[in-house]
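See structure below.
The values are calculated or read from the model by the stated rules, or taken from the named source; none is laboratory data. What you see is a predicted model, and the numbers here were worked out from it, not measured in a lab. Cβ placement follows ideal geometry from the backbone for every residue including glycine, while neighbour counts extend to all protein chains displayed. Side chains included, ligands, DNA and RNA excluded: accessible areas come from the protein's heavy atoms. Shrake-Rupley method; radii C 1.70, N 1.55, O 1.52, S 1.80 Å.
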Protein chains: 2
Amino acid sequence: MKRAGNLSRDLPDAGAGEITQTLLAAPGLRIERIVSLGQASPPGFWYDQEQAEWVLLLAGAARLRFADEPEARPLGPGDWLEIAAHRRHRVEWTDPTTPTVWLAVFHNEM
Amino acid sequence: MKRAGNLSRDLPDAGAGEITQTLLAAPGLRIERIVSLGQASPPGFWYDQEQAEWVLLLAGAARLRFADEPEARPLGPGDWLEIAAHRRHRVEWTDPTTPTVWLAVFHNEM
């Protein structure tokens, strides 16, 4: 696994599907960069994750919906949030015109 | 602790000293935002950390020196690196003209 890099340069082309790169894997911890280009979660699909996820949007734009909230949250560069384990959520929208770059830190909870 | 925010907006004034904000604390894991404005490690000081640190520069510019490397590494937006536990390092320079924003993920190693 690489020990250094740049998250903004040399972005892969996510036109055919989201591209996930694992940047770090350690006990109970995984850091990923995810590049989206217009993808969204399939209709009716909800993520229900064993681990919590601390997620940061580095570039682009997205809308993230929680099952326990009536409306999606708009996310722009610099926005972060902590998603508790098993809190159901889905990506309603990502910008189809420019890459959306996510940093996701999957971790164990307290 | 907050569960959401923005790392780029409403930056604190780090003119009088680096400002660290803990964004997440979980078992063996701590995520921090650090804002620097011209600060560097004191002369002769080296960080020697019990935990590994995955660090990402979000904005600004810095030079990071490892004790086992002859020259400092220049860092710009999007640059990340993994610093092994007890690998001695220091911040040689941060840009005095614009805030440097770091995201630091302190974690246990394999």
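Observations on the model:
- Here chain A has 51 percent of its accessible surface on carbon and sulfur atoms, given a 1.4 Å probe and all protein chains in place.
- Choice from B:39, B:21, B:51 with maximal GNM fluctuation in chain B (Cα, 10 Å cutoff): B:21
- For the range A:15-25, Karplus couplings with θ = phi - 60° (6.51, -1.76, 1.60), whole Hz, Gly/Pro x: x, 9, x, 4, 10, 10, 10, 7, 9, 8, 10
- The residues of chain A expose, per residue, 48 Å² of accessible area to a 1.4 Å probe.
- Per the accessible-area calculation with a 1.4 Å probe, the total area buried between chain A and chain B rounds to 2600 Å².
- Average beta-carbon neighbours from other chains, 10 Å sphere, peptide B:45-58: 2
- Counting only other chain Cβ atoms within 10 Å of each residue's Cβ, the peptide A:5-11 averages 5.
- Backbone phi angles across the range A:58-71, fed through the Karplus curve with coefficients 6.51, -1.76 and 1.60 (θ = phi - 60°), yield HN-Hα couplings of 8, 7, x, 7, 8, 10, 10, 10, 9, 5, 9, 10, x, 10 Hz in residue order; Gly and Pro are listed as x.
- Distance between modelled label sites at residue B:108 and residue B:85, nm, 7 Å Cα→Cβ extension: 0.8 nm
- Simple label model, 7 Å out from Cα along Cβ direction - residue B:61 to residue B:46, nm: 2.7 nm
- Cα centroid separation - the range B:1-72 against the range A:1-48, whole Å: 23 Å
- The mean number of partner chain beta-carbon atoms within 10 angstrom of a residue's beta-carbon across peptide A:93-105 is 1.
- When B:69, B:53, A:92, A:71 are compared by accessible surface with a 1.4 Å probe, the order from highest to lowest is A:71, A:92, B:69, B:53.
- Per-residue 3J(HN,Hα) values for the range A:39-51, derived from phi via the Karplus relation 6.51 cos²θ - 1.76 cosθ + 1.60 with θ = phi - 60°, read 6, 9, 5, x, x, x, 7, 10, 5, 9, 9, 5, 9 Hz in sequence order (x marks Gly and Pro).
- Choice from B:72, B:85, B:25 with maximal GNM fluctuation in chain B (Cα, 10 Å cutoff): B:25
- Highest-MSF residue in chain A out of A:62, A:52, A:16 [GNM, Cα springs under 10 Å]: A:16
- For residue A:89, the residues 5 or more places off, or on other chains, whose built amide H falls under 5 Å of its own are A:47, A:67.
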